[in-house]
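Presented below is the structure to which this report refers.
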Amino acid sequence: MRGQKIKEILRSEGIAISEVARMLGYDGDQRLHSALKSEDVKSGLIEEIARVTNKSVCFFYEEDGSAVASDHSIAVSGDSNQINAISEKFIALLEKKDEQIDRLLTIIEKEK
């Protein structure tokens, strides 16, 4: 996804780039501006922006009708309802994975 499109979406929501940069923990907004100059913003950055703005990742792809990642992360396509359903399942799997990792860490700690 083009960085300019992300900027436009944020602007339409009344969210300033400087505020997003602050929420991401950046010292200033120049780093984020530089990242958003790209014609192909990494999906990881889009995920982080979605997280700090309390939006679904799909929110940034709704007008396209598809979401295809080019940096070897999850790639989905379809209308926004299909993408939302896939995203929900993916998030549930990630949460389950995190729970399993926590359980394993607890077991390892007990063994020490």
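Each reported figure results from applying straightforward, stated rules to the coordinates on display, with no laboratory input. Remember, predicted model here, so these are calculated numbers, not experimental data. All Cβ positions, glycine included, derive from the backbone under ideal geometry; neighbour counts span all protein chains shown.
Of 42/96; 42/97; 37/89; 55/97; 5/37, which ones are farther than 20 Å apart at the Cα? With Cα atoms farther than 20 Å apart: 42/96; 42/97; 37/89; 55/97. Packing here is the average count of other Cβ atoms within 10 Å per residue, and on that basis the peptides 93-105, 14-26, 49-61, highest first, run 49-61, 14-26, 93-105.
With a Förster radius of 30 Å applied to the C-beta separation of residue 33 and residue 101, the computed FRET efficiency comes to 0.30.
Electrostatic bookkeeping for residue 4 treats Lys and Arg as +1 and Asp and Glu as -1; over the other residues with beta carbon under 12 Å from its beta carbon, the sum is +2.
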